[in-house]
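Participant: Below you will find the structure I want to go over with you.
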Amino acid sequence: MDLVADNLRRVVATLEPGVTLTAVSKFHPVEALREAYDAGQRVFGESRVQELLEKIPQMPGDVKWHFIGHLQTNKVRQIVGRVDLVESVDSGRLLRLIDSESCRAGVRTRVLLQVHVAREETKFGFFPEELLEIARGGGFRNLEAVDLCGVMGMASNTDDLGRIEEDFRAIRGIFEQIRSLGEEWLGEFRIVSMGMSGDYLTAMREGSTMVRIGTDIFGEREY
Ligand SMILES: *Cc1c(COP(=O)(O)O)cnc(C)c1O
């Protein structure tokens, strides 16, 4: 039974041109990741450092790992140099720490700035006004070893389609506003990571360039 491979193909067939897929494999066993890998998937998203570090050596070396969860500052050192993209940078403090740890390790780290637009207290991220203020104030100019590659965000967890669209539009809007600053550090700033299993079709309509899909590929997670 190649359930994961079939699911993956079905999801990939629905992606719009130019949209890349982060297969969110958190809580799923390496066997499931291998199935997706054998079906052609190379980008995997994990949300816990320990789990990520256990899976890396068990998968082929050409896998690109994205960290998508809340990253505690005391774990930054463990993942710098090992991930292709940190999608979930949710504070200035974390950003500066990733920068200094990347310098120290002699590597560059690609990151996305996580924007908080959802109406939920539990979600992490910069508030839109906060992010714009930092960007306009030159707060992203002096990073030495971090490439700011775009933004990531989540819509509210609701059935209200209008609300979800509004959230995605807000995330895309922040991306456009930051880009329009035209500053030098924006050279790699191209990614808008938004959309999960339940809402990625909507996210793509609102300008997503990267979707993060777990359940639709790997099935329900067991916590
Ligand atoms: C778990 C997770 C996803 C994937 O969610 P699904 O609903 O399983 O597709 C996407 N993004 C983030 C940040 C996540 O934590």
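Participant: V24's amide H: which non-local residues (gap 5+, or another chain) put their own amide H closer than 5 Å, with H modeled 1.01 Å from N in plane and none for Pro or chain starts?
Facilitator: Those qualifying (amide H under 5 Å, at least 5 residues apart or on another chain) are G45, I213, G214.
Participant: What does the net charge come to around G214 if you take all other residues with beta carbon closer than 12 Å to its beta carbon, with K and R at +1 and D and E at -1?
Facilitator: For residues surrounding G214, the net value is 0.
Participant: 7 Å from Cα along Cα→Cβ at both E31 and E121: what's the point-to-point distance in nm?
Facilitator: Computed distance between label sites E31 and E121 equals 4.2 nm.
Participant: Leaving out ligands and nucleic acids, note down the accessible area per residue over region 71-223 with a 1.4 angstrom probe, in whole Å². Show your work: numbers first, answer last.
Facilitator: Values: 7440 Å² over 153 residues.
Value returned for region 71-223: 49 Å² of accessible area per residue.
Participant: Pull up the DSSP beta bridges for region 1-122 and report the antiparallel fraction as a percent, rounded to 5.
Facilitator: On the way: 0 of 10 bridges.
Of the beta bridges lying entirely in region 1-122, close to 0 percent run antiparallel.
Participant: A further question on this structure: Can you give me the relative contact order of the chain as a percent, contacts being Cα pairs under 8 Å and 6 or more apart? Show your work: numbers first, answer last.
Facilitator: On the way: 402 pairs, mean separation 46.5, N = 223.
The value is 21 percent.
Participant: Provide the gained length on full extension for the span E51 to R169, in nm with one decimal, where the gain is 0.36 nm per separating residue minus the Cα-Cα distance.
Facilitator: Values: separation 118, 0.36 × 118 = 42.48 nm, distance 3.24 nm.
Extending this stretch completely gives an extra 39.2 nm.
Participant: Can you compute 3J(HN,Hα) from phi for each residue in region 215-220, using the Karplus curve 6.51 cos²θ - 1.76 cosθ + 1.60 with θ = phi - 60°, rounded to whole Hz and x for Gly and Pro?
Facilitator: 3, 5, 9, 9, x, 5
Participant: Report the residues of region 2-29 in range of a label on D38: point 7 Å along Cα→C-beta, backbone N strictly under 18 Å from it.
Facilitator: 2-10, 28-29
Participant: Cα centroids of region 154-223 and region 2-66: how far apart, whole angstrom?
Facilitator: 18 Å
Participant: Hey, what did region 161-222 get for relative contact order, percent, Cα under 8 Å, at least 6 apart? Write down the numbers at each step before the final one.
Facilitator: Values: 58 pairs, mean separation 19.5, N = 62.
Relative contact order comes out at 31 percent.
Participant: Where is the GNM fluctuation largest for the chain (alpha-carbon springs, 10 angstrom cutoff): I171, I191, I56?
Facilitator: Residue with maximal mean-square fluctuation among I171, I191, I56: I56.
Participant: If amide hydrogens are placed 1.01 Å from N in the peptide plane, which non-local residues have theirs closer than 5 Å to the one on T109?
Facilitator: Amide H neighbours of T109: V146, D147.
The values are calculated or read from the model by the stated rules, or taken from the named source; none is laboratory data. The structure presented is a predicted model; accordingly, all values stated were derived computationally and were not measured. Using ideal geometry, Cβ is built from the backbone for each residue, glycine included, and neighbour counts are taken over all protein chains shown. These accessible areas exclude ligands, DNA and RNA; they are computed on the full protein's heavy atoms, side chains included. Shrake-Rupley method; radii C 1.70, N 1.55, O 1.52, S 1.80 Å.
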